[in-house]
Structures are given as C-alpha cells and as structure tokens.
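First up is the structure itself, then whatever we jot down about it.
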Amino acid sequence: MTVSWRRRAFAAVALSMGAVLAIAGCSKEPAGGGGGNQKINLIVDVFGTFGYEDLYRQYMQANPNVTIQERGTGANLGDYTPKLTQYLASGSGAGDVVAIEEGTLVQFKAQADKFEDLKKYGADADANNFLPWKWEQGTTPDGKILGLGTDVGGMAMCYRSDLFAAAGLPTAREDVSKLWPTWDAYIAAGKTFKTKVKDAGFIDAGTNTFNLILMQMAGNGGGYTYYDKSNNLVIDTNPVVKQAWDKTMEVIGAGLSANLQSWTDGWTAGFKNAKFATIACPAWMTGVIKGNAGDGAAGKWDIAAAPGGGGNWGGSFLAVPSQGKNKAEAAKLARFLTSPQGQIAAFKSKGNLPSSPQALADDAVKNAVNDYFTNAPTGTIYGAGATALKPVYLGPKNQDVRDQVENAIRSVEQGNKTPDAAWTQAVADAKKVAS
Amino acid sequence: MSLHLDAGRRAGPASPPPPDATARTLAQRRWSSRRGRFDHKVSPYIYVAPFFVLFGVFGLYPLIYTAWVSLRNWDYIGGDKGFVGLKNYTELLKDDWFTGAVFNTVGMFIVATVPQLLLALMLAYALNRQMRARTLFRMGILVPNITSVVAVGIIFAQLFSRDWGLINWVLGLVGVDPIDWRASQWASWTAISTMVDWRWTGYNSLIFLAAMQAIPKDLYESAAIDGASTWRQFWKITVPMLRPTIIFAVIISTIGGLQLFTEPLVFIGGNGAILGGSERQAQTVTMYLVETAFRRFDFGYGAAIAWLLFLLILIISIFNVWLVRRLAAYGSNKAGV
C-alpha cells in the first residue's frame, strides 16, 4: 500500500466534514457597524420600474464608501410580495431597503416589528414632504414610521391615436377626454370603435379596467374595497365592488376586451401589435407601455382623462427591514430616494407620479411632457388630481382576494362562466382565501 | 474521533529525540494492525456517510418536520397557533381546489405519460435497428431533455399562444378556428402534456434502447424462423423482456408527472399564474401547495398537501407496478417465452 491508512481515513473524514461544512456554510458574517469610511453595500429590492438609476449614481458619488445594488427590476408584484414575506419570516435575505406596494402594505404593517421605525433615523422631519394621506398610510396606528411614500397612482386613460383615427374617433387628447365623461360614454365609444376596427380590442383586458373602476368608485364612495377599515371582508356587501363588477361585465359583454391576460407574453405582444386601443393608465403604467410597445409605437400613444373622474391605483413605499446590517445607512438612502428631489428624478425617469406636494408643485413635474405619448403634459394630467386624491384603504389579504376576483373576470372573458356565476364564484373564493 | 486521539499520540513522542528505534518500530507495527482492522470496519461507513448526512439534512429532516407542521394551525402572519391533529387533512379532503388539483395532476399525468411511453418504446425499437448515423439520432433524441425546462416552457407558451402561436396558425391553414389554449381544461392539458412529452420521450427512449440491446438476438432469430412478423416480435419478445425497465420508466414518470410544476406555471403566466388559470383548470397539486404555503402562507395546510401528495405518488406507483406486472405477464404467457 503506497497510500497510508492515515491518508485514506483522513480523506474520508475530510469528505464528510466537507459536506457538513458546506451545509453549515451559510453562516453569518460578522456584523459590521455603519461607521465612517467602511465600505457599505446596500441592496434595494424593487418590482416593476422605480426609475432610481440616476439617483443611485448621485448618491454613490456623494457617499463614495457606499455601493448600491438594485434587485428585482421589472419583476411582477405577484412574485415579489411572497419573496419579501419569506425573507421577513426567515429573518434573512431581504434587501437593506425594500419597496412595498400599497395593496400589500397592510399585510406588512401587521408585522411592523420586522421593520425599523424610521423615526429613529430622523424621518419624522420628512412628514411635510408627503401628501398627508400618503404619510398616514406609511405610519402604523401606534405612530411607528414604517414606510416612506414613493409614488401615487393618479389615473388617466391611455389610448392609441392611430387606432382611434382608423375608427373615426377623435384623436386629440382634449376631444378624447370629452368623448367619455362617464363609463357609459366610454362603452358607447368602444362600441363605435368595434364597428370599424375588427382585429383589435377596445381594452386590453377586463381586469385592468375593473381595477381602475373599482379604485375610482371606492375613492368616491366609502374609501375601501374588499375590506372595510376594520379589516372585515366586505366584498359581497360593499356596493362599489358589485357596481365596478357590473360595469366591467358591461364592457366585456359589449365585446370590447382583447382578452389578453395582463403581465403575460401575449399581453406584452399585444402592445407591439396594436391589439387594443385603450388601457387603464395609472401614472406608473406609462413606463410599462413605453417598455412593452417599444420605440416603434412612439408618438402613437396619448393620454386622456379617465372616464368618471380621477382616482388612485397603486403607489409604493420604501421600508427598512430590521434584519439588515446597515440600517442607519439604509434609512438614509430611503429618505434620499423619497425626498422631493428623488421623486422628481423618478418621475422624469419612469413617469412615477410623486407623492410629495413639493415635487408635484415643482416646475420639473408641472411642466413635464412625455414625448413618447405625443408630448402629453403628464405633469398636469396626473399632477392636477394628485393633491385632491382620495386614498383607498386596502385590507390585509387584498392581493389574494384580488387574484380570485381577477380570475373570475378572466373566466367570463374566456367564455367559461356567465357573469352571474362568476360573481358567485368570486365571492366564495374571496371568502375562502381571506379566512 | 479516534483519528484525533491517534494524531495526538503521534504528535507527542515526535518532539523529543527517539530513545529506541526498535521499540518504536514494534509499537508502530502493533498500532498499524489495529489501525488496519479499524480501517477495514469503519472506512466504508465513513465513505458512504456524506450521502446519508446530506439525505438526513435535506431529505429526512424536512420530511419529518413537514409531518409535524401539518398537524398544526400555522400561518405566517398569525404565527403558530398550536396543535390541531388531523384537521388540516380532513379539511383538505373537503377542499374542492385540492380535489380539483389532484384531478388535474392525475389527468395531465395520464394524458402525458401514456403516449409518451408508447412513443418512447417505438422510438427505441426504431433506433435499435441498423440505420445510418445511428449515434447521431440516439444522441439527438436526448437534446430536448437537456434544455432548461423554463426555456421549453417559454417557447411552448409562445407556440400555443392564442393570437400569434404557430400551432393556431397551422390549425388555421386547415380551417380550424384559433383555440385559446389557456381557457379550457382539455386545451391547457393538451398543451402542457405536449411540453412534458417533448422533454421526456427521448430520455425514456434511451433507457428502453439500453434494455433492448441486452435482449439476446437468438430469440428474434428463432421467432423469425417460426414466421413471426416484426410487429409480433415487438409485442411478444421485446415488450415482455423489457418488463423491469418499463416498471422503472413508469415509476420515474409517475414521480415526475405527479410533481408537475414549472410547465403549467410558465404556460399560464401572468400575476395569478400559480392559480393555474381562470378556473384553476391547469393547477397541479404542487402548484396548490406553493399557493397555500408560500403565497398565502398557510404553512400547516401546505404541509398537509405535501404529505397527501407523497401518499398519492406512493399509491399510484404501487398500482402502476401491479398493472405493468400484469400486462407484461400476460404478454409473455401468450408469447410462450
């Protein structure tokens, strides 16, 4: 034997030890303080498009010891939220700064102990930088500052002027806004459209239209949707939910939907192939349209007022999970990104409507035009209603309930169910996931 | 541990100068024979230990932990609300989303696996014959299997697209109206099964091919002398002789098929993809498991689904083995092999 027993036994032990070590390998690094010139890497977890690239660059220039890495750019919310929930549950993995969408905010507020109170880092000085209701949304009932507002989802209706021209409808945005003061007028315009244009829908999908109508009606009504403000599921007793449902069913019944499930490949391709003429268009949707329709459709899209008045759909917050290593630095970054200047930069980059009155009043926002949307004055279109926005309260399992309702709407679009049967199903399913 | 002790012993006397070389040699020899026995007895266990350590950590422990969780009412937001016995299981059996998911999973498994194994058998039979560029073909059928499942999913989701899909375009050529492949149960099952078959038919063919090559040639020769046709030879010699291999392929396909997840998820797409379509028409058990445990964070209920899925696979596998044994025995009896 040229190989000694010792070596072989050592090899065997080393092998098994190696395996065990590999398993235990994900041990914690020594905790580093947030001090002075130490190199700090901050991770920002987002979904969709927040438009922070320039701001990161600016921040890193001002703070040479900080590097910033953004994760999740372009991810859809349905994938993002469970991941964040898991990171919080397991106590590791979350970014130093995380984005929270308003629809899931209540769920995270219920776990306020997993987030830093940003008051500790001086964020209470920022209160006046935000619309009062946005600031309130980010604060827990016991006064903890959990999230700083990024944007609000002021509403409008985006439309393709080339398809409108083909259908003999007006194309100038003022005329289009006048065309549909109400949802009934909108449906009538859609019917006219469909008599002329056969190979495109008037809307992309019933679900987007439904969400717009629901948020609008809720804002004008009781200020809540599936859940009341005491977190009781009221999907079957809150009249605005059924009203929004019925209006959506009218839209679908008139054959206006292109039936493209949102956030799928077919939907994305629908933008490129001009498969629908209008889409419910909160401010953040303009960035999505530009990304999906591509340069080829520049100047073909425009923005008009939403039927039935304004409203709010979507908008997010930045929070700092307590599990992070550099919480003070993270809070500083979150405050910088949500500052009026930060919000103006994000608006310029991706069209996300600021939640800061100073930013909304700023000339850079007020006078902004979006050249992709035929030079539409996005600043005035969205900004005008933003200060008067009525917030809508969204309950703890809002996203799960919404998934069930959207599925029921799709079921009608696909011809699997009648509107009545689908409504019964939606209510039953919502109760099931909310229980 | 014994290694450590020994290392200590060796290190001790090494530092002072050796008093007597012969004594040391003798002591060493005694030691080495003891070491030899130790080596002989213990080494094999140490060599296999990494697998069992890994299995224990990543296999057995989660399995037992899941069973424990499944007996509790535990959701993420509310926390662990304590022991509830078999409540999660009894609720599951009444849950029409769960029974629907089981129906979808078993349905897609049958729609996918039966043609897949038959096709694999035929392909293997063809590849087992003399032909040009045989190795090229044999390797070629494995290519779909080594492509990423998500890539396959994305491509097939586009092929089966309602408005721009290749499949609907071809159907349109023969006058069939566009099919919304995601809308109905049979359409989504067909599309997803096609994806599964695309990936796994080649793999199963190669396994069958390997087994076919082990069948003695003289069986075929004597059958040919007796005047048996190729078709008859295939059913009466090849299939019965492949029985163990077919059982293997069926079990592997069962385990894989009942855990179907990525294909339907990518195929449905969008925000609510995990629900498996507007009517949950393509939601498999694993998708429902992920939905409850990792979307709605009902850990206890999700754990119960995991255990029922395990039992389901076990039952179907046993049934399959029984079925294949019966069929193959029937074949071989009739062939008189």
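The values are calculated or read from the model by the stated rules, or taken from the named source; none is laboratory data. Given the structure is predicted, the values throughout are model-derived calculations rather than measurements. No Cβ is skipped: glycine too gets one built from the backbone with ideal geometry, and neighbour counts run over all protein chains shown. Please note that ligands, DNA and RNA were not included when accessible areas were found on the heavy atoms of the full protein model with its side chains. Shrake-Rupley method; radii C 1.70, N 1.55, O 1.52, S 1.80 Å.
Can you pull the accessible area of A:Arg160 for me, 1.4 Å probe, Å² to the nearest 10?
Approximately 10 Å² for this residue.
If you take the C-alpha gyration tensor of chain A, multiply each eigenvalue by 5 and take the square root, what semi-axes do you get, largest first, in whole Å?
Largest first, chain A gives 42, 27, 23 Å.
So which of A:Lys83/A:Lys348; A:Lys194/A:Lys247; A:Lys109/A:Lys390; A:Lys229/A:Lys332 end up more than 25 Å apart, counting from Cα to Cα?
Checking Cα-Cα distances, A:Lys83/A:Lys348; A:Lys229/A:Lys332 exceed 25 Å.
State the answer as a single residue: which of B:Ala304, B:Phe248, B:Ser205 lies farthest towards the positive end of the charge dipole of region B:187-337, with beta carbon charges of +1 for Lys and Arg and -1 for Asp and Glu, about the Cα centre.
The residue sitting most towards the positive pole is B:Phe248.
Using only Cα atoms and rounding to the nearest 10 degrees, what angle (0 to 90) does helix A:340-350 make with the longest principal axis of chain A?
The answer is roughly 70 degrees.
What distance in nm lies between label points placed 7 Å from Cα along the C-beta direction at A:Met60 and A:Lys242?
Each label point is offset 7 Å from its Cα along the Cβ direction, giving 5.5 nm.
Over the protein assembly as shown, what is the percentage of antiparallel beta bridges among all DSSP beta bridges, to the nearest 5?
Rounded to the nearest five, the antiparallel share is 70 percent.
Mind checking which aspartates and glutamates have their C-alpha under 13 Å from A:Lys242, skipping anything on the same chain fewer than 8 residues away?
List returned: A:Glu250, A:Asp420.
Using +1 at the C-beta of Lys and Arg and -1 at the C-beta of Asp and Glu, which of A:Ser435, A:Ser230, A:Gly415 has the Cα lying farthest in the positive direction of the dipole of chain A?
Going by the charge dipole, the pick is A:Ser435.
Between A:Ala166 and B:Ala67, what FRET efficiency comes out of the Förster formula 1/(1 + (r/R0)^6) with R0 = 60 Å and r the beta carbon distance, rounded to 0.05?
0.45
So which residue, out of B:Gly107, B:Gly270, B:Gly153, gets the largest mean-square fluctuation from a GNM of chain B using Cα contacts under 10 Å as springs?
Among B:Gly107, B:Gly270, B:Gly153, the largest mean-square fluctuation in the Gaussian network model of chain B belongs to B:Gly270.
Using the basic label-point model (7 angstrom from Cα toward the beta carbon), what is the B:Phe137 to B:Ala27 distance in nanometres?
Between B:Phe137 and B:Ala27, the simple spin-label model gives 7.2 nm.
Would you be so kind as to identify all helices of chain B, as entire DSSP H runs, whose Cα atoms reach 24 Å or more along the helix's own axis and whose mean Kyte-Doolittle hydropathy is at least 0.0?
Those that pass (Cα extent of 24 Å or more, hydropathy at least 0.0) are B:96-127, B:185-212, B:299-335.
Dipole of the protein assembly as shown, Cα-centred, from +1 at each Lys and Arg C-beta and -1 at each Asp and Glu C-beta, to the nearest 20 debye?
For this selection, approximately 3500 debye.
Just check chain B against the gyration tensor rule for me: Cα atoms, a ≥ b ≥ c as the square roots of the eigenvalues, rounded for a/c under 1.5, and otherwise prolate or oblate depending on whether a/b exceeds b/c.
Since a/c reaches 1.5 but b/c is at least a/b, the shape of chain B is classed as oblate.
In whole Å, what are the Cα extents of the protein assembly as shown along the three principal axes, biggest one first?
Cα spread of the protein assembly as shown along its principal axes, largest to smallest: 100, 87, 53 Å.
Suppose R0 equals 45 Å; then what is the FRET efficiency for A:Thr195 and A:Ser349 from their Cβ-Cβ distance, rounded to the nearest 0.05?
0.65
Hey, with R₀ at 45 Å, roughly what FRET efficiency would B:Val114 and A:Glu250 work out to, going by the Cβ-Cβ distance, to 0.05?
Between B:Val114 and A:Glu250 the formula returns 0.50.
With the cut-off at 1.5 for a/c, could you classify region A:154-207 from its C-alpha gyration tensor as rounded, prolate or oblate?
rounded
Go ahead and collect, in residue order, the members of region B:33-65 whose backbone nitrogen is under 17 Å from a label point 7 Å along the Cα-Cβ direction of B:Tyr89.
Output list for this probe position: B:63-65.
How much accessible area does B:Lys236 have with a 1.4 Å probe, in Å² rounded to the nearest 10?
B:Lys236 exposes around 50 Å² with every protein chain in place.
Considering only protein heavy atoms, with the full assembly of protein chains and a 1.4 angstrom probe, order B:Thr147, A:Thr150 by accessible area, largest first.
B:Thr147, A:Thr150
Given Cβ point charges of +1 (Lys, Arg) and -1 (Asp, Glu) and nothing else, what value in debye, to the nearest 20, does the dipole of region A:306-435 about its Cα centre take?
440
Which lysines, if any, have their Cα less than 26 Å from the Cα of B:Lys94, not counting same-chain residues under 8 positions apart?
Here the lysines satisfying the reach criterion relative to B:Lys94 are A:Lys397, A:Lys417, A:Lys431, A:Lys432, B:Lys81.
With just the Cα atoms defining each centre, how far is region A:153-212 from region A:218-290? Give it in Å.
Computed from Cα coordinates, the inter-centre distance equals 14 Å.
With both partners inside chain A, how many of the DSSP beta bridges are antiparallel, as a percent to the nearest 5?
Antiparallel bridges make up about 65 percent of those DSSP assigns within chain A.
Report the accessible surface area buried between chains A and B, summing both sides, using a 1.4 Å probe on protein heavy atoms only, in Å² rounded to the nearest 100.
The buried area between A and B, both sides summed, comes to about 3900 Å².
Treating the angle as unsigned and between 0 and 90°, give the value, to the nearest 10°, between the Cα long axis of helix A:419-434 and the longest Cα principal axis of chain A.
Computed tilt is about 20 degrees.
What residue among B:Leu127, B:Leu119, B:Leu136 shows peak mean-square fluctuation when chain B is described by a Gaussian network model with Cα springs under 10 Å?
B:Leu136
Please report the accessible area of B:Leu54 (heavy atoms, 1.4 Å probe, ligands and nucleic acids excluded) in Å², nearest 10.
70
Subtracting the Cα-Cα distance from 0.36 nm times the residue separation, let me have the gained length for B:Ile155 to B:Leu311 in nm, one decimal.
Length difference between fully extended and current span is 52.8 nm.
With +1 assigned to the C-beta of every Lys and Arg and -1 to the C-beta of every Asp and Glu, and no other charges, what is the dipole magnitude of chain B about the Cα centre in debye, to the nearest 20?
Computed charge dipole of chain B: roughly 1700 debye.
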